[in-house]
Each structure stands twice: as C-alpha cells, then as structure tokens.
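The values are calculated or read from the model by the stated rules, or taken from the named source; none is laboratory data. Bear in mind that the values here come from a model prediction, so they are computed numbers and not experimental data. When the accessible area is computed, the model is the full protein with side chains, heavy atoms only, and any ligands, DNA or RNA have been set aside. Shrake-Rupley method; radii C 1.70, N 1.55, O 1.52, S 1.80 Å.
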Amino acid sequence: MGLAGHSVSLLLLMSLTVRVSDAIRALKEGPMIDAEGREYKSVSFGDYNRPNHSEKPTVRVQCTEVSMIIFILPNFYNNGRLVSPQDLFLGDAKYWKNKRCQAVDTGDGEYVIEAELQDCGSKLTVSSDDLIYSNNLILSPPIGSIGITRTAEAVVPVSCHYKRTHTVSSAVQQQRPTLSISSKFPFGSSISLKLKTDDWQGEKYSNTFYLGDPLHLEATYTGLDQRKLFIDQCVATLTPDSTSVPRYYFIENYGCFVDAKVGGLHSVFLPRSKPSLLQFQLDAFSFQNDLRNTMYVTCKIKATHQLWKSSPTSKVCNYMHSSWKNVDGTDAVCQCCKSVCAKRMPEGGICETLTLGPLIIIPRK
C-alpha cells in the first residue's frame with residue numbers, strides 16, 4: 001500500500017473515531033429512556049433557578065427612605081422567554097395574591113414592585129451601625145393545562161441597607177413595655193406614637209389599664225418641613241406580631257375609626273391642634289375566651305406634605321350619631337367607610353408602622 005493509501009485509511013479511521021465519540025456524547029447528554037419507555041433528559045435544576053447574571057442584569061433594586069422599589073425585565077432569564085408580572089411577587093407564598101406585593105407592568109418595558117420597607121414579609125436585621133431590610137423576589141410560573149412548564153421557579157434575594165441613626169419600631173422586641181416609640185428617617189424627620197396621660201399633658205408610664213377605660217394615644221410628625229399626619233390603620237393583637245390571630249382592626253380603610261360602631265364609647269379622633277399631630281382614644285378591651293390579658297397596638301401612620309394636594313381618601317373619620325364625620329372638614333370623604341375605601345395614591349409622604357405594648361388589661365372587680 002502506498003503513501004496515498006495510508007493517508008486515506010488514516011482519514012477513514014479518524015472519521016470513524018469522531019462518529020463514535022459523537023454517538024457516545026449523544027448517549028450521555030441526549031434523551032434517556034425510563035422504565036415505561038418515555039424519553040427524558042437529566043438537567044441540574046440549579047442551572048435554572050436564577051437569572052443569568054452573565055448577561056444584562058434583569059433585576060435591580062432602588063431604596064428610598066421608606067420603601068423598596070424592584071425593577072424586573074420581562075426577559076427574566078435572558079433567554080428570550082418572557083415572564084408575566086402576575087408570576088412575580090415579593091415575600092413568601094402567603095403574599096402571592098397580595099396586590100401590594102405583586103409586580104405591575106409599567107408599560108415601559110419593565111415590571112415594578114414598590115413596597116414599604118416593613119411590608120410583604122420583609123425581615124429587619126439590626127447591627128451596631130446598619131439597618132438591613134431584606135426580602136425575596138419570587139418567580140412562580142403557572143403549570144400548564146397538561147402539567148408542564150417551560151420556566152423554572154426562581155428566588156432572588158433583595159435588600160436595602162441604611163446607616164443606623166434611630167431606634168426601630170415593632171420589628172425589635174424590647175424587654176420593657178414600649179409605651180412611647182419613634183422612628184427617624186435619614187433627613188431628620190420622625191414619626192412617633194405615644195401613650196398619654198388622661199389630661200394629655202404628659203406621657204403615661206404605666207402599662208396597666210382597666211377593661212373599658214380609654215387609652216389615650218398620640219401620633220406626631222417632627223421635621224423641618226410641614227406635613228399633615230394621617231393614620232391608615234391600627235390593629236390590636238395579643239402578641240407583637242400584627243398579623244397574629246386573634247386580631248382586631250379598630251382603625252381601617254385608610255382612616256375610618258370603626259371601633260365606635262361596636263361599643264367603643266370613647267373611641268374617637270380628637271380635633272386637631274396642629275396638622276402634624278393626631279390624638280385618639282380607644283376603649284380597652286379583651287378578646288373573648290382568651291385568658292391572656294395583654295394587648296399590643298400597631299398603627300400604620302403616614303405624614304404627607306402639606307404643600308401638595310392631598311388624595312381624596314386622606315381622611316380622619318369618626319363614627320358619631322350613626323354617621324361618619326371628618327375631623328378635617330368635609331364629611332364626603334368618609335362615605336367610603338361604609339364599604340371599602342380605595343387605596344390612597346402615592347403622595348410623596350413618609351410612612352411608618354409602630355407598635356406599643358404589652359398593655360395589661362385587667363377586669364374591674
């Protein structure tokens with residue numbers, strides 16, 4: 001055999017080797033057959049449980065003094081397959097259908113979730129120097145009608161970091177009863193919630209009340225700018241967790257004091273002495289068939305800029321003589337207290353959720 005013959009044989013042998021290698025590679029990486037004759041391909045789920053960070057980032061976070069804003073690209077995995085805003089939410093599974101925690105389509109090629117720092121199951125970590133609000137962005141794609149999906153679930157940690165310049169509210173349990181609490185913001189402003197004496201002249205330092213006696217509470221905004229204070233909601237619970245059961249919302253619907261409808265004789269917002277201060281009373285009560293005599297009061301308080309036009313649902317509504325009355329003027333804004341009031345649109349205000357307690361409620365003998 002000549003040199004040309006040897007060359008041809010060598011080329012044939014190399015070609016055969018390549019084909020065998022390709023065949024082996026196909027067997028290793030291609031579909032495999034299960035016991036029932038169906039084809040499947042083994043993949044590592046870890047390769048698909050997060051966006052591809054080697055491409056353009058598809059999730060970014062913007063932190064304000066009161067909120068966490070998350071921007072998400074529809075091309076979540078950078079693979080050309082778009083996800084739906086209904087499949088993206090902040091927090092764990094219980095916040096899946098909570099509209100405050102779900103992504104919305106801005107129409108600008110992005111989805112957005114804007115949540116207050118303590119909403120949607122956010123966790124607060126406090127160190128000597130920093131406050132860190134952390135949460136998880138969840139992608140939970142639906143399962144198709146035939147039981148398959150082409151997009152994997154994903155969990156993306158998100159967080160906001162702040163220098164610690166203030167004490168924090170209900171997220172930090174304290175040893176002594178909390179009867180006065182405030183939360184300061186980076187620009188020197190603060191919102192506080194205090195228990196006051198019966199004459200409203202000083203702070204109350206006892207946490208013991210008789211059943212039926214009025215609690216005197218005062219919310220205040222302090223800052224260089226002029227703001228008007230509102231209370232969106234207040235809830236009473238047996239533990240510091242405002243989502244625990246049993247719970248009772250005595251102020252709800254963005255400013256409707258509903259406790260007066262169910263026997264709260266002294267439950268009322270007082271007339272304002274100034275826009276940045278709001279005083280209110282609540283008749284002490286206990287939960288039926290529960291032997292615990294503790295009560296925690298958690299209020300969501302907002303201070304809006306007086307120079308900006310207030311939303312029609314910014315209100316301070318009392319239930320008096322079988323009708324709703326507005327402390328701040330026209331009663332028309334209180335009519336929605338009979339049903340469900342629309343959520344107030346963003347007004348550039350600052351908002352905080354503060355908790356007082358434990359308050360000890362004892363029966364009269």
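So here's what we get for this one:
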read-out	value
Heavy-atom accessible area ranking, 1.4 Å probe, most first, across H161, H216	H161, H216
Above-threshold pairs, the threshold being 27 Å between Cα atoms, out of K94/K196; K123/K338; K99/K315; K97/K302	K94/K196; K123/K338
Spatial separation of Cα centroids for segment 176-220 and segment 53-98, in angstrom	38
Radius ratio Rg over Rh of segment 212-259, counting only Cα atoms, Kirkwood formula for Rh	1.05
Cα gyration tensor of segment 217-333 - equivalent ellipsoid semi-axes, whole Å, descending	26, 17, 12
Relative contact order, percent, segment 227-326 [alpha-carbon distance under 8 Å, six or more residues apart]	38
Where Rh is the Kirkwood radius over Cα pairs, Rg/Rh for segment 66-141	1.02
Fully extended contour minus Cα-Cα distance, from L270 to W96, at 0.36 nm per residue	58.8 nm
